[in-house]
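Colleague: One structure coming up, written as structure tokens, with questions to follow.
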Amino acid sequence: MSSDEILVGYDGSADATVALNWALDEADRSGRPVRLAYVFEWLTVAGWVGPGVAAGAVPDDTARRQVEELVRSAAAKAAADRPGRTVHGEVYDGPPAMVLQERSAQAGMLVLGSRGHGGFGGLLAGSTAVSVTAHAHCPVVVVREGQTAASGPVAVGVDGSESSLLALGFAVERAAQWDVPVRVLRAWGPPGDRWVPGFDAQEAAATERAAVEQELAQWRKTFPDVPVELRVTPANPAALLVEASREARLVVVGSRGRGGLRGMLLGSVSQQLIHHSRCPVAVVRER
């Protein structure tokens, strides 16, 4: 596997097909190869099964051959539909979340559907979702069926942390690649749990805006033709990003944050964004 490859979690479900199409669109623009990955989890049975059959993993060669054919056919069709694109298909064995995390170390990007069946049943629900998005070794893009294929901007949440700076770079690069604006969002709040005497909201907003402008400086210089829309506002980070997803074609966040985006990918906040975003979500981290 090339470290530049786009790895796609694929199981033949509707969401996996949408994820594959998103990955192929990305490959059309970037020239990256695409690899479909089906994670085959052997059936496990507790207790005594029968004469000569031990408890534990029960091999099902027929099912695995069907999976291999599914992946082979999907890869062949994708390659035929996108002339010039390199598309591979591979079947891996093991728990889906663990295998995808391991394989992501050798990929440039991991693209997942938000729901699946078979090996990916419930992949992005509960603890498995947090595990995949929080521990993958490359950017993860989560896509689901029915999300609007908008031609709007790329939205990115920033808070000054190293992780959000990586997300900002990823977002600007995507915006340049797609020839759309990048919408930079900074959510902030007053000190403590309530407004304090002498606190100047306008001054605080100006300070936050200046900090973001400083973070943007190198990207404005690198991609001078990318329009930048900056919004600095006292708001709940998840709500701000979910709202932005209504008009965006992609929402980008870092894997860890501080201040307004602290815990962005831990617990309920991350699930709000993944489950309620109206567009695909990219989670970016340092390799």
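Values quoted throughout were computed directly from the atomic coordinates according to the rules given, and no laboratory measurement underlies them. Please read all numbers here as calculations on a predicted model, not as lab measurements. Backbone-built Cβ (ideal geometry, glycine too); neighbour counts: all protein chains shown.
Colleague: Taking the Cβ of residue 33 as the centre, find all other residues whose Cβ is under 10 Å away and add up their charges (Lys, Arg: +1; Asp, Glu: -1).
Modeller: Net charge around residue 33: +1.
Colleague: Give the residues of segment 157-185 whose amide nitrogen is closer than 18 Å to a point set 7 Å from the Cα of residue 221 in the direction of its Cβ.
Modeller: Under cut-off, by backbone N: 165-166, 168-170, 172-173.
Colleague: Pop the C-beta distance of residue 66 and residue 239 into the FRET formula with R0 = 41 Å and round what comes out to the nearest 0.05.
Modeller: 0.40
Colleague: Can you put 28, 11 in order of Cβ neighbours within 10 angstrom, beginning with the fewest?
Modeller: Result, fewest neighbours first: 28, 11.
Colleague: May I ask you to derive the FRET efficiency for residue 275 and residue 247 from their Cβ-Cβ distance with R0 = 25 Å, giving the value to the nearest 0.05?
Modeller: Calculated transfer efficiency: 0.85.
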